[in-house]
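The values are calculated or read from the model by the stated rules, or taken from the named source; none is laboratory data. Being a predicted model, the structure only gives us computed values, none of them experimental. Ideal geometry is used to build each Cβ from the backbone, glycine not excepted, and the neighbour counts take in all protein chains shown.
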């Protein structure tokens, strides 16, 4: 098993995925199944793609996997914003703030990897 303790993006995206799971469990308990499923898929995929990038076969593959993670960040933000603006949904502000930090780091990884 790998040791990702010193990898900031892996650590942040793993913790974020745990938060997404907890949030989606609240949505499901409130019978908001459609958004819960969409959010669970995109929110946990960010970390999965970031982790997969750690074993990339080339620099181009590394960048590609982080670009996929960036797309998942955008999709996750969309679902969280829908939850934020919809009536009777739990407050996702903490997750949105964590997501913004993750987004900035992923953008920096992509831009610095292109150099």
Query raised in the report: Any chance segment 55-65 includes a residue that's surrounded by 11 or more Cβ atoms within 10 Å (Cβ to Cβ) and farther than 21 Å from residue 10 by Cα?
Result: no
**Report entry** Scope segment 100-115; condition farther than 14 Å from residue 63 by Cβ, surrounded by 13 or more Cβ atoms within 10 Å (Cβ to Cβ) and without any contact (Cβ under 8 Å) to a residue 40 or more places away in the chain; matching residues
**Finding:** 103
Query - Selection count, segment 1-26, where residues are within 14 Å of the chain's Cα centre (by Cα) and at pLDDT below 95 - result: 0
Report task. Identify all residues within segment 80-99 that are part of a helix (DSSP H, G or I) and without any contact (Cβ under 8 Å) to a residue 12 or more places away in the chain; write none if there are none. Result -> 85, 93, 97
Query raised in the report: How many residues does segment 49-72 hold that are free of Cβ contacts under 8 Å to residues at least 12 places away in the same chain and assigned to a helix (DSSP H, G or I)?
Result: 4
Query raised in the report: So residue 40 fits all but one of (1) in a helix (DSSP H, G or I); (2) modelled with pLDDT under 95; what number is the exception?
Result: (2)
